[in-house]
């Protein structure tokens, strides 16, 4: 819990301190307090950043932990993962697996689906949710033979500064993997 709290606190404090500090410095400058603008502006911003980061970190960390621990496939340690990956073997021809994978991503509500058949990668994005600013899901296809395809499913935050996701990346990988597994049963 402490690691997660510190991760969220650090990013939030840096962003809030910079934002509040710059705003206060500019405000002081324009109301005629040029001598104090930089010093008190950034000092005030730092204090506001710390207070804001404490509130945001406590709330975000607690909410994230609760959401991840409620997942049916939760295992200790998952709460610290923002990038999640799993491989699934599908015993179907490559073209069938490729076509069905695109359809699975559409069914799960992903958008901006891009296909690169040369590199054997399908990428998709999800929108904002209660817990995150969106995720990027990537499927890598490796052919072991003509009718045996290994699909690696990876989900990660779209924003590099994301510190919590409420388990959405884990859910994305598990949902896509589950539907790919059912593919081999269905056909």
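Bear in mind that the values in this text are calculations on the coordinates, not laboratory data. Remember, it's a predicted structure, so these values are computed and weren't measured experimentally. Backbone-built Cβ (ideal geometry, glycine too); neighbour counts: all protein chains shown.
Scanning the range 84-111 for residues that are free of Cβ contacts under 8 Å to residues at least 24 places away in the same chain and assigned to a helix (DSSP H, G or I), we see that the one that is surrounded by the fewest Cβ atoms within 10 Å (Cβ to Cβ) is 95. Selection of the range 54-69 for residues being touching a residue at least 24 places away in the same chain (Cβ under 8 Å) and either surrounded by 14 or more Cβ atoms within 10 Å (Cβ to Cβ) or within 14 Å of residue 165 (Cα to Cα) (or both) yields 54, 56, 57, 60, 61, 63, 64, 65, 67, 68. How many residues does the range 115-144 contain that are touching a strand residue (DSSP E or B) at 6+ places or on another chain (Cβ under 8 Å), farther than 18 Å from residue 180 by Cα and surrounded by fewer than 13 Cβ atoms within 10 Å (Cβ to Cβ)? Count: 1.
In the range 70-83, which residue that is closer than 10 Å to residue 164 by Cα and part of a loop (DSSP other than H, G, I, E, B) is nearest to the chain's Cα centre (by Cα)? This residue is 82. Hey, which of the strands (runs of 3 or more DSSP E) in the range 113-187, taking only ones fully inside, have at least 2 residues that are at negative phi and without any contact (Cβ under 8 Å) to a residue 40 or more places away in the chain? Result: 121-125, 135-145.
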